[in-house]
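This report concerns only the one structure given below.
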Ligand SMILES: [Zn+2]
């Protein structure tokens, strides 16, 4: 039955065992991942995860029912969420074989996993290493894929999603609390967007305001030669500064 997999319900112990089986399958077959720490990953690794999840958790539902394709993207630019599932808008009108659903994973979340102390909760589950965090993010995205295929729409804020994610994978929340660049900046360096900071650039001590934090901080520094002008006519130069080179000031 097409929707049969929505009736699957595993208890917590079973989920833990199955998650471990998935992990061991990945270790056997991946060229990049052979421990609990992710420092290298390719789209093929996500494909392996998909195949193992299908077999171990979903009773081969994808293999037996889905005629389209899941594609995988790794991104270094996703700063707000660790995973995202993209589905064609006209999925309802598409031929089954033509459907392409993309799972995008923001790799920085996992590469930076160990930089932050404290608890790292993903979808309501306390994680202990970056591979476990990736698995749970991937599980969340798989529920999106299932919903898109079955209902042509998916929202992790809705009850239907929450029920499926809970029954299949034991997720109790839709959102993750693993560190972003901004929380790393805040916790490790004590800096936030809006802070006034100093840094040395070409032997000059400059003072400016942080307007964004990605891998580096974007700092706007007042300058008569600046090309950025605010509404009061003040001119600024923009600098991208590694976080460890910033000092907070008043
Ligand atoms: Zn979601």
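The numbers here are math on the coordinates, done by the rules we state, and not lab data. Remember, it's a predicted structure, so these values are computed and weren't measured experimentally. Every residue, glycine as well, gets a Cβ built from its backbone with ideal geometry; the counts of neighbours run over all protein chains shown.
Report note on the peptides 131-140, 217-226, 60-69: ranked by the mean count of other C-beta atoms within 10 Å, highest first, their order is 131-140, 217-226, 60-69. Note that the stretch 42-194 shows a convex hull volume over its alpha carbon atoms of 119 Å³ per residue.
Taking every alpha-carbon pair within the stretch 190-248, the share separated by more than 19 Å comes to 23 percent. The alpha carbon convex hull volume per residue for the stretch 126-166 rounds to 61 Å³.
Annotation: the residues 3, 29, 147, sorted from fewest to most other C-beta atoms within 10 Å of their own C-beta, follow the order 3, 29, 147. Does the stretch 1-118 come out rounded, prolate or oblate by the C-alpha gyration tensor, with a ≥ b ≥ c the root eigenvalues, rounded set by a/c under 1.5 and, if not, prolate when a/b is larger than b/c and oblate if not? Since a/c reaches 1.5 but b/c is at least a/b, the shape of the stretch 1-118 is classed as oblate. Arranged from fewest to most other beta-carbon atoms within 10 Å of their beta carbon, 171, 152, 128 become 128, 152, 171.
Using the alpha-carbon atoms, what tilt in degrees (0 to 90, nearest 10) does helix 43-56 show relative to the longest principal axis of the chain? For 43-56 against the chain, the angle is about 40 degrees. Sorted ascending by nearby beta carbons within 10 Å, beginning with the fewest, 49, 209 become 209, 49. Taking a ≥ b ≥ c as the square roots of the eigenvalues of the alpha-carbon gyration tensor, the stretch 32-97 is classed oblate because a/c is 1.5 or more while a/b is no larger than b/c. Could you state the angle between the C-alpha long axis of helix 12-29 and the longest principal axis of the C-alpha atoms of the chain, as a value from 0 to 90 degrees rounded to the nearest 10? For helix 12-29, the angle is close to 80 degrees. Semi-axis lengths, largest first, of the ellipsoid equivalent to the stretch 124-250 are 43, 18, 11 Å, with √(5λ) applied to each eigenvalue of the Cα gyration tensor.
The C-alpha atoms of the chain define a longest principal axis, and helix 159-169 lies at about 70 degrees to it. Dividing the helix sum by the residues of the chain, where each DSSP H run of 4 or more adds -39500 (n - 2.57), gives a mean residue ellipticity at 222 nm of -10500 deg cm²/dmol.
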